[in-house]
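Student: There's a structure below that I have some questions on.
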Amino acid sequence: MRTLTSIEELDFAAPAMAAPVVVQRVPDHALLEGTLAGDEDAFAELVGRYRNQITSYIYRITNDYDGAVDLAQETFIRVYRAAARYQTTHAFSTYIYRIATNLAISELRKRKRRRLVSLTGLLASDDGQEARDFNPPDDRPLQDISLVELERRTTVQRAIATLPEKYRAPLVLRDVEGKSYDEIATILSTSEGTVKSRINRARNFLRDKMRSYVQGV
C-alpha cells in the first residue's frame, strides 16, 4: 500500500472517491420483531411509514378527520399490543389495514346506533307516549351554491360518505389506496368475487351521485 511521504504529496493527492451509500429499507417484519424486543425506534419507524396512509384511509371511510386521527392512533396501539400474535404469512400492510378497516366500520355502526337512540328519544314524550306532532328533520344536505366552486374530490368524498359501509371500504381500498383484489379480500376477510361485486356496485352508486350533482348544478 502506498503511503504519503511529504506535505507536498498530501496537498496534491487526488481526493478519494467515496463509494455511494446505499441505505437498505428495513422490512416491516423486522421492525415488528424489533418492537417485540423492546426497540422503541423500530415501532416509531412503523408508525412513521403508515401513519399518514392509515389516517387518510380512515378519513375517506368516516368523513371525519379528527375522528380519523384518533382511530389511526388506536390502530397503532392495537398493532403494538398484538405484536406477538402477528402472522408473517401476510404483508404487514394488509394486517394494519384490516385493523383500521374494522375500527372505521365499528365507528360507522356506532354512529347509526347513536342516531337511532336520539331519534327514539325525540319521538317519545315525557310520559313515554309517542309525540304526535313531531316531524323528523330532513338530514339531507341542503344545496349550497358554494358547492359549485369546491374541488371535484371534495364532492367525491361526500358521495363516498353516503355509501353503505360494506361498499365504502372496498371502494376506497381499490380506487384510492390502490390495493389488489386479493389484498382487499384478505383485509376484509371475504372472497375476491364479493370484493369485485361490491366495488362495482359502489362505482355505479357514485356515478349516479355525481350525475345528480352535475345536473343539479
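Student: Compute the label zone of R158 within the range 171-210: residues whose backbone N is under 12 Å from the point 7 Å along Cα-to-Cβ.
Tutor: 210
Student: Sticking with this structure for a sec: Stretched out fully, how many nm does the piece from A84 to A44 gain, at 0.36 nm a residue minus the Cα gap?
Tutor: Separation in residues times 0.36 nm, less the Cα-Cα distance, equals 12.7 nm.
Student: What FRET efficiency do you get for A37 and N102 if R0 is 22 Å and r is their Cβ-Cβ distance, rounded to the nearest 0.05?
Tutor: Efficiency at R0 = 22 Å is approximately 0.25.
Student: Place a point 7 Å from Cα of S56 in the direction of its Cβ. Which residues in the range 169-190 have their backbone N less than 14 Å from it?
Tutor: 172-179
Student: Now for a different question. Apply 1/(1 + (r/R0)^6) to the Cβ-Cβ distance of E74 and R211, taking R0 = 41 Å, and write down the FRET efficiency to the nearest 0.05.
Tutor: Between E74 and R211 the formula returns 0.65.
Student: What is the order of V79, V176, V195, fewest Cβ neighbours within 10 Å to most?
Tutor: Ascending Cβ contact count within 10 Å gives the list V176, V79, V195.
Where a number appears in this text, it was derived from the coordinates with a stated rule and is not lab data. In this text the structure is predicted, and so the values were computed from the model without any measurement. Heads up, the Cβs are rebuilt from the backbone with ideal geometry, glycines too, and the neighbour counts pull from every protein chain shown.
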